[in-house]
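Notes follow once the structure below has been shown.
The values are calculated or read from the model by the stated rules, or taken from the named source; none is laboratory data. Just so it is clear, the model here is predicted, and its values are computed rather than measured. All Cβ positions, glycine included, derive from the backbone under ideal geometry; neighbour counts span all protein chains shown. Surface accessibility is based on the protein's heavy atoms, side chains included, excluding ligands, DNA and RNA. Shrake-Rupley method; radii C 1.70, N 1.55, O 1.52, S 1.80 Å.
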Amino acid sequence: MSDFNISTPVYLITGILESGKTTFLNFTSRQDYFQVDGTTLLITCEEGEEEYDEQDLLKYNTVVETIEEPEDFTFENLRILHRKYHPERVLLEYNPLWGVNKLRAMKLPLGWGISQEIVIVDGSTYQIYRNNMQSLFSEMVQNADMVIFNRCKPEDPLANYRRGIKVVNPACDISFEDEEGELIDLFEESTPYDMDASVIVIEDVDFGIFYVDMDDHPEKYVGKTVRFKARAMKSRKKDAEYFVPGRKAMTCCADDMQMIGYICHTPLAIHLRHGEWVQVTAKVAFEYDKFYRGKGPVLYASEVTSCEPPAEEMVYFN
């Protein structure tokens, strides 16, 4: 549903139990910038260690309703809440074990629509849960507008966390907070390749870093020439003078595997075989392309030659 049709925006907050969703909503609901004239309906779908002070939240025009069982999370029950409160907006603290995609697809009361999706992640337990609940994490973040890591420690591999989220959802914003709730300034990482070289050679093991960094900081790459190995993913149009040199990426398990790469324009594309391994030498631009339906990194290849596949064909984000 587009924002034009939404009269009651729903802010969806998901995260594994005890990740800090209630803390986030308790804090946000009391901030001056978050106040509205009408009623805010806060629906919580799980009980954690922290609870809401419902009487105190009434001072901020916020009412709390609890839906404890997944079978009770229905259109009819949501419509009852809508008629009871006629909320100006809805904050939905949702249990991802109930199925985030199921929620995205379900019918909502008239005027309701998901306006923003925020995922809260406990940085201290992220790797354990990610390794054991990979598909659930991917489902939560695939449409997220924002992912907030809290309770992070200095020794945590935050850059790896970020890459793992970005490969699933390149467009989302990611922030990190320490154990005191202070924002961590994740300084721009130095890349493992020479950005000042006349031809920036991307080693096979660094393709994932290259992919994410160019998406985040295209201005660093515009006008530069890069060289890397990838599979040639061709268009169905035989005479198409473009292709996508890409690699299969996996954050943890086979269920999360997907192809990543950027559009590449070159007359040489018509001579390539779909799926063959090639070495690409290309100049980088940042411009509109119908492949993205907007602006993005665009490659213009001067050389595309067949090559042997890398020792490890998969790109890992962990």
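Here are the numbers for the structure shown:
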item	result
Average accessible surface area per residue within the range 215-298, 1.4 Å rolling probe, Å²	52
Note, ³J(HN,Hα) from phi for the range 242-247, Karplus 6.51, -1.76, 1.60, rounded to Hz, x at Gly and Pro	7, 7, 10, x, x, 9
Rounded if a/c under 1.5, otherwise prolate or oblate - the range 1-61, Cα gyration tensor axes	oblate
Solvent-accessible area of residue 133 with every protein chain in place, 1.4 Å probe, in Å² to the nearest 10	50
The chain: calculated mean residue ellipticity at 222 nm from DSSP helix runs of at least 4, using -39500 (n - 2.57)	-6000 deg cm²/dmol
Inter-site label distance for residue 31 and residue 116 at 7 Å from Cα along Cβ, in nm	0.8
Cβ crowding within 10 Å averaged over residues, with 135-143, 290-298 ranked highest first	135-143, 290-298
Highest-MSF residue in the chain out of 199, 284, 147 [GNM, Cα springs under 10 Å]	199
Calculated FRET efficiency for the pair residue 104/residue 259, C-beta based, R₀ 25 Å, to 0.05	0.60
Cα gyration tensor shape for the range 203-318, rounded if a/c is under 1.5, else prolate or oblate	rounded
Net +/- balance of residues flanking residue 86 in space, Cβ distance below 15 Å, scoring K and R +1, D and E -1	+1
Solvent-accessible area of residue 242 with every protein chain in place, 1.4 Å probe, in Å² to the nearest 10	60
Accessible-area ranking of 214, 146, largest first, probe 1.4 Å	146, 214
Antiparallel bridges, percent of DSSP beta bridges restricted to the chain (to nearest 5)	45
For the chain, built as a Gaussian network whose Cα springs stay under 10 Å, the top-fluctuating residue of 231, 273, 89	273
Inter-label distance, nm, simple model (7 Å from Cα along the C-beta direction), residue 198/residue 51	7.1
Charge tally in the Cβ shell below 9 Å around residue 295, where Lys, Arg are +1 and Asp, Glu are -1, residue 295 excluded	-2
Student exercise, the chain dipole from Lys, Arg, Asp, Glu Cβ charges, in Debye to nearest 20	2060
Gyration tensor (alpha-carbon) shape descriptor, the range 40-131, a/c threshold 1.5	oblate
Gap separating the Cα centres of the range 47-66 and the range 120-163, nearest whole Å	26
5 angstrom amide H check on residue 242, placed H, neighbours 5+ away	266
